[in-house]
Each structure stands twice: as structure tokens, then as C-alpha cells.
Amino acid sequence: MGAADMTESKNQHEPAAVAWRDGVVRLLDQRKLPREEVYLDCATVEATADAITAMVVRGAPAIGIAAAYAVVQARQQYLTQQAYQQALAYLRAARPTAVNLAWAIDTLAQQPQTVKALLLAAKQIHADDITANQTMADLGCAWIEKHCQPGRQAITHCHTGAIATGGIGTALGVLKQAYRQQLVSRIYADETRPWLQGARLTAWELAKNGIEHRLIADSASGSVMAGGKVAVIAVGADRITANGDVINKIGTYNLAVLAKYHGIPFMVVAPQSTVDRQTASGAEVEIEQRDAAEVLTVAGQRHTADNSKVENPAFDVTPAELISVYVTELGASDDIGVLA
Ligand code: RUB
């Protein structure tokens with residue numbers, strides 16, 4: 001089977017988050033999981049961009065793949081350079097923090113601007129992500145085997161598994177494989193308020209794969225660490241800046257500080273497309289602020305006073321000094337600078 005064909009056929013536990021079908025971007029609607037496994041067909045670049053904004057598709061690498069196909073849609077729709085560039089600007093603004101979106105648009109900008117060439121390049125981005133996921137799982141597990149106590153537990157945050165990517169996932173890809181290799185005995189999934197990626201997606205994926213796991217409230221992770229049985233904490237990234245700062249789902253910073261206090265290795269797993277060498281540090285990154293309703297409600301029900309005001313940053317910045325190891329498809333190192 002060719003690499004491009006693999007993009008449509010994950011195993012039965014792991015449906016594809018993004019697929020290209022004759023000009024249509026088919027997205028697994030992650031807002032409806034785990035109750036419903038339904039797909040949304042986006043026939044235009046605007047529809048795909050709006051689906052990224054609405055988090056039908058989410059997770060940095062999956063956003064990048066969807067954006068690559070959306071560029072092909074833009075080329076199909078718009079013949080004048082001005083209209084094409086306007087559509088790409090609309091797409092670029094869909095979500096500001098995950099650098100994979102801009103990376104995919106910029107990567108395709110270097111290709112001949114024909115539908116055929118752009119589609120080939122988009123399929124290559126998709127196929128490369130699948131390969132990168134597996135390489136990172138191998139490298140991450142080798143690192144855990146060397147540096148962590150065997151048979152202990154792991155904690156992860158947000159959702160970094162199959163449907164956040166093209167393949168088996170980033171951090172969750174490492175941890176699923178580590179569980180199968182008996183390097184870890186249990187995975188704790190933070191529920192990840194406010195959007196509940198951990199509760200709705202990570203726990204779902206672990207259950208589907210038959211992996212021993214526990215869902216915990218975000219505020220429980222410190223006490224789990226204090227229990228003394230956690231060997232490693234592994235998270236993904238939406239952007240890694242040149243100095244090694246990691247921008248990831250809100251709450252990652254809290255975890256990293258707690259990990260340092262408890263002497264637990266903190267692993268960040270992300271493909272090269274997440275590394276932003278043009279941006280010096282996390283201080284320069286625009287952090288997406290999302291709708292107050294995400295915080296004011298639980299499962300659609302408002303539980304707060306009418307006049308409460310909200311801050312809802314979707315991501316935070318974890319300083320490089322708190323990170324024990326970065327795993328990309330190029331290697332595992334405590335210095336992001338050498339993984340180029
Ligand atoms: C997703 C998130 C994930 C990162 C990294 O945020 O923060 O941890 O995308 O994981 P959102 P991965 O759900 O808001 O898109 O690299 O596997 O995507």
C-alpha cells in the first residue's frame with residue numbers, strides 16, 4: 001500500500017480525522033465524540049477553515065493536514081491571484097496558535113501553484129505525518145526505557161492521539177506503544193477543561209485500544225504525582241519556539257511545574273512541523289482566546305452566575321527549562337536546537 005493510501009485506513013480503533021475525497025475535505029466531527037462518530041464534508045476552503053475554527057478538527061498536526069487540503073480547495077475555487085490569496089489569509093486566521101496551520105500553507109506556497117501539484121504536496125504532508133508519528137513513538141519509547149523506572153504510570157494532557165494527527169498520535173502515540181511494551185502500566189488522562197479533550201477524546205481512544213487508564217480532573221494530577229508511581233509525563237505541542245518554549249493546551253504549564261517539583265521527567269512529543277524556528281520565544285506567540293461559553297457552561301448547561309466574567313486562553317507557555325526531553329521524528333534530545 002502506498003503511503004498516500006494509508007491516509008484513509010487507520011485500524012478500526014482509530015478513525016481518520018481528515019480525508020480528501022474528490023475536492024471535499026471529510027472531517028471526523030470531534031465535537032460530537034465520543035457519543036457520535038459522524039463526519040462533516042467541507043466542499044470549500046471557507047467551510048474547511050470554519051471547521052478548524054469550530055474545532056471539528058483539532059490537534060496541531062491534524063489542523064496542518066486539513067489546512068493543506070484546504071489550500072488545494074482554494075486553488076480549485078479561485079482563479080485570480082487576489083481571490084486565491086484572500087482565501088489563504090482567511091484560512092491562516094482560522095486558529096492562531098498551532099503553527100502547523102501556517103506551516104502547511106507556507107509549505108504549499110513553495111510548490112507550483114497548480115491543483116495537481118498542490119494536491120500531491122498535501123497528500124505528502126499527510127503521509128509524512130503518519131510516518132513521523134511512528135518514528136516518534138519508537139524514539140519516545142526508547143527514551144522512556146532508558147530513563148524511566150519500568151512498569152510505572154504516565155500522565156498526559158489534552159488529546160494527542162490518532163485523531164489529533166494523521167497517524168497514531170504524538171504524545172499519546174508514544175504512551176500507547178509504551179503501554180504495549182510494558183514500559184508503563186497505566187495512563188492517567190487529565191480531563192482538560194474547558195473543552196474536555198482528555199475526557200471526551202483521550203479516554204475514548206484509550207478505551208477503544210483496551211489500555212488501562214484513569215480519567216482524572218485536572219486538579220488531581222498533583223496528588224497522582226505525589227503518590228510516587230508516575231514515571232513520565234508526556235504531552236504534545238501546538239508550537240515549539242526557537243528557544244525550546246512549548247505552547248500547548250492550557251494546563252500544560254501547571255503540569256510541568258508539578259513534574260519538576262516531584263522529579264518526574266517531562267516529555268514533549270511533536271513533529272518538525274510544530275517547531276517554529278522563526279519565533280524566538282513563547283512570549284512572542286499569540287495565544288488564542290476562546291469563547292467565554294466554554295468556561296461558563298458544562299455540557300451546554302450554564303452553571304455560573306449571570307454576571308461572572310471569564311478569561312479563556314486556550315494555550316499556555318511552558319518554559320524550556322521545565323522540559324526534560326523533546327521527541328520529534330529526528331530524535332530525542334533535551335535541546336530542541338539539535339533536532340533540526
Ligand atoms: C490541542 C493540543 C494538543 C496539541 C499537541 O489543542 O493542545 O496537545 O495540539 O498535540 P486543541 P498534537 O484541541 O485546542 O486543538 O501534537 O498531537 O496535536
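The numbers here are math on the coordinates, done by the rules we state, and not lab data. Given the structure is predicted, the values throughout are model-derived calculations rather than measurements. Here the Cβ positions follow ideal geometry from the backbone for every residue, glycine too, while neighbour counts run over all protein chains shown.
Observations, loosely collected:
- Arg290 long-range amide H proximity, modeled H, under 5 Å: Asn312, Ala314
- Looking at the range 120-263 alone, DSSP beta bridges between its own residues are antiparallel in about 15 percent of cases.
- In the range 47-131, one over the average inverse separation of all distinct C-alpha pairs is 12.5 Å, which is the Kirkwood hydrodynamic radius.
- Taking only the Cα atoms of the chain, the radius of gyration and Dmax are 19.1, 61 Å.
- Using a cut-off of 31 Å between Cα atoms, the listed pairs Lys229/Lys249; Lys116/Lys176; Lys176/Lys309; Lys123/Lys229 include Lys116/Lys176; Lys176/Lys309; Lys123/Lys229 as exceeding that distance.
- Share, in percent, of DSSP beta bridges within the chain that are antiparallel, nearest 5: 50 percent
- Most simply put, the range 227-340 has about 60% antiparallel DSSP beta bridges, counting only bridges with both residues inside it.
- For the chain, the membrane-span-like helix rule (DSSP H, alpha carbon extent of at least 24 Å along the helix axis, mean Kyte-Doolittle at least -1.0) picks out 60-77, 115-147; this says nothing about an actual membrane.
- Altogether, the Stokes-Einstein calculation at 20 °C and 1.002 mPa s, with the Kirkwood radius of the range 85-162 over Cα pairs as Rh, returns a diffusion coefficient of 137 µm²/s.
- Note on the range 202-340: Cα convex hull, mean projected area over all directions, 10.3 nm².
- Over all projection directions, the Cα-based convex hull of the range 221-268 averages an area of 3.2 nm².
- Two-site label geometry, Arg21 and Ser223: point separation in nm, points 7 Å out along Cα→Cβ: 4.6 nm
- Cleavage-rule hits (chymotrypsin sites (Phe, Trp or Tyr not before Pro)) in the range 72-109: DSSP loop, at most 16 neighbouring Cβ within 10 angstrom: Tyr78
- Charge dipole magnitude, Cβ of K and R +1, D and E -1 - the range 73-145, Cα centre, debye nearest 20: 480 debye
- Summarising the label geometry, the points placed 7 Å from Cα in the beta-carbon direction at Gln81 and Tyr39 lie 3.7 nm from one another.
- Sequence-distant contacts, meaning Cα pairs under 8 Å at least 6 residues apart, place the relative contact order of the range 145-242 at 36 percent.
- Per-bin percent of Cα-Cα distances, the range 234-297 [5 Å]: 4, 16, 22, 22, 17, 12, 6, 1
- Stretching Ser281 away from Glu212 to a fully extended chain increases their span by 21.2 nm, per 0.36 nm per residue minus the current alpha-carbon distance.
- Cα convex hull, the range 291-331: 138 Å³ per residue, rounded to a whole number.
- For the range 276-291, backbone phi angles converted through the Karplus equation (6.51, -1.76, 1.60; θ = phi - 60°) give residue-by-residue couplings of 10, 7, 7, 10, 5, 8, x, 4, 8, 8, 6, 8, 5, 9, 9, 4 Hz, Gly and Pro being listed as x.
- Think of the range 235-340 as a dipole: +1 on every Lys or Arg Cβ, -1 on every Asp or Glu Cβ, centred on the Cα centre; then among Gln272, Gly300, Tyr253, Gly300 lies furthest on the positive end.
- In this Cβ point-charge picture (+1 for Lys and Arg, -1 for Asp and Glu), the chain has a dipole of about 560 debye about its Cα centre.
- Between the amide H of Val56 and any residue lying 5 or more places away or on another chain, no distance stays under 5 Å, with hydrogens modeled in the peptide plane.
- At 0.890 mPa s and 25 °C, Stokes diffusion of the range 119-263 via Kirkwood alpha-carbon radius, µm² per second: 159 µm²/s
- Centre-to-centre, using Cα atoms only, the range 259-290 and the range 170-207 are separated by 19 Å.
- Rg and Dmax, both from the Cα atoms of the range 261-337 and both in Å, are 17.4, 50.
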